[in-house]
1. Considering the Cα trace of segment 35-78, what is its radius of gyration and what is Dmax, both in angstroms?
2. Can you tell me which of R99, R109, R117 moves the most in a GNM of the chain? Springs connect C-alpha atoms under 10 Å apart.
3. Using the Cα atoms of segment 10-84 to build a convex hull, what is its mean projected area in square nanometres?
4. How long are the semi-axes of the equivalent ellipsoid of the chain, taking √(5λ) for every eigenvalue λ of the Cα gyration tensor, in whole Å from largest down?
5. Note the full-extension length gain between D12 and D26 as 0.36 nm times their separation in residues minus their Cα-Cα distance, in nm to one decimal.
6. Starting from segment 1-96, pick out the GluC sites (Glu not before Pro) whose DSSP state is loop and whose Cβ has at most 13 other Cβ atoms within 10 Å.
7. How large is the Kirkwood hydrodynamic radius of segment 5-49, in angstrom, based on all distinct alpha carbon pairs?
Amino acid sequence: MTRATSVLVVDDNPGFNHAARTVLGDDGFLVHTAETGHEAPRPAFVVLDFHLPDMDAPAVLRRLHDDAGLQAIPVLVVSQADWAEDEAAARAAGARDFRVKPSRAHALRDTFLEFWRTHAHATDRPADRG
């Protein structure tokens, strides 16, 4: 049995965290969720809400960047709003991608898996169920 790939989803919406846990868990990921930017176990990749109650995504990304052990973790920033200035700020702070939160579970799954396949090492990928 192979060890599950760890993913951290940081979003202040418990419903989104539940959906992310479900769709990623169904694909073999070990999913950790946090509702603030101060909670952060070391994952294979991070799904980060742009607007958190205690800080925005660029602030969290700067914290990750300040820690040499966390700099290489790919981060996907998600938001309810499709604002160009938020995307630009997230990318400038080190996000690998920025997406509007999909409203359907299969679209959410596809977004996460596409990000993982694009930004992960081939040996770290969970088994493809497609």
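Only the coordinates and a few stated rules stand behind these numbers; no lab work does. Please read these numbers as outputs of a predicted model, since none were measured by experiment. Neighbour counts run over all protein chains shown; Cβ positions are idealised from the backbone, glycine included.
1. Cα radius of gyration and Dmax of segment 35-78 are 9.5, 25 Å respectively.
2. Among R99, R109, R117, the largest mean-square fluctuation in the Gaussian network model of the chain belongs to R117.
3. For segment 10-84, averaging the hull's shadow over all directions gives 5.1 nm².
4. Taking √(5λ) for each eigenvalue gives 21, 17, 14 Å, largest first.
5. So the extension gain works out to 2.9 nm.
6. When the GluC sites (Glu not before Pro) of segment 1-96 are filtered for loop state and at most 13 Cβ neighbours within 10 Å, E39 remain.
7. Over segment 5-49, the inverse of the mean reciprocal pair distance is 10.1 Å.
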